[in-house]
Amino acid sequence: MPDIVKNILNTFLPSTCYVCDSLSDKAVCPACMEKFNTIYRNEKRLFLKNPPLVIQAPFVYKGVVKEMIEDIKYHGNFFAVPFFAEHLASMMKEYEYDFLVPVPLHFLRRWRRGFNQSEEVAKEISKILNIPIYRGVVRVRNTRSQTRLSRKERIENIKGAFKVRDNRIKGKKLAVLDDVLTTGATTIELARTLYLKEAEKVDIYTISMAEFDQ
């Protein structure tokens, strides 16, 4: 089914739970939430020393979570955005951040897609926690898709891809937002760029984290 048809149907048809397909005003209905958390809740928190980072994600990237993210990213269906934003905001509320920093897309990719999925989630979190979104970082290189690259190739591919346009983040605490963490190459490169502009603290939050051994 073409995406334009899906988008029209998503607008006019009743919303349903991604797990059980029952009518629901939330992406996962209350009846399915316990089962959803049992299967998809992420228990890992990653700590890096260089640059100093804490990486957190509420969910594992598989099954229904993967379907929900792909529905946002590739079909422009934002039904699951508030659901993910609520769970990320719940993880973030114990910390004090000056800005949310959604991972930027290159302007050509954003133009083709029509939106930035990380920014859509950031907008919802901003409403919940009353934290402003920082839009002063841009992607200056239109890098290849990271999907099929090895870890080493991803690191090389993303190197030097970001630029900060002003000094507003100097001395600030930042929460970087992305949709999926696999090797972490993209978000770590962005964090390095932010630290070079003298951000005081950078933490990374992603909707989901790929399953891999640490």
Taking GluC sites (Glu not before Pro) as exposed when in a DSSP loop with at most 15 other Cβ atoms inside 10 Å, the chain has its longest clean stretch at 97-197
Any aspartates and glutamates whose Cα falls less than 18 Å from that of LYS197, other than same-chain ones fewer than 8 residues away, would be ASP98, ASP166, GLU189
Taking Cα atoms, the helix 81-92 axis meets the longest principal axis of the chain at an angle in degrees (rounded to 10) of 50
Here the FRET efficiency for ASN142 versus ALA31, based on Cβ atoms and R0 = 41 Å and rounded to 0.05, is 0.40
The FRET efficiency for TRP111 and LYS163, from their Cβ-Cβ distance with R0 = 25 Å and rounded to 0.05, is 0.85
Over its alpha-carbon atoms, region 40-209 yields an Rg and a Dmax in Å of 14.8, 41
Rounded to the nearest 10 degrees, the helix 30-40 long axis (Cα) sits at an angle to the longest Cα principal axis of the chain of 50
Straight-line reach check, LYS35, cutoff 30 Å on alpha carbons, 8 or more apart in-chain or any other chain, hits among lysines -> LYS6, LYS26, LYS44, LYS62, LYS66, LYS73, LYS93, LYS123, LYS127
FRET efficiency (LYS173, LYS66; Cβ distance; R0 35 Å; to 0.05) is 0.70
The answer for THR16, listing residues at least 5 apart or on another chain whose modeled amide H is closer than 5 Å to its amide H, is SER24
Simple SL model, points at 7 angstrom along Cα→Cβ for ARG192 and ASN130; separation in nm is 3.8
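Ignoring everything except DSSP H segments at least 4 long, calculate the 222 nm mean residue ellipticity for the chain; use -39,500 (n - 2.57) per segment, divide by total residues, nearest 500.
-12000 deg cm²/dmol
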Measuring from the longest principal axis of the C-alpha atoms of the chain, the long axis of helix 3-12 (C-alpha) lies at a number of degrees, nearest 10, equal to 60
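Coordinate-derived values only; no laboratory data. Note that the structure is predicted; figures quoted are calculated from it, not measured. We place every Cβ from the backbone using ideal geometry, glycine too, and count neighbours over all the protein chains shown.
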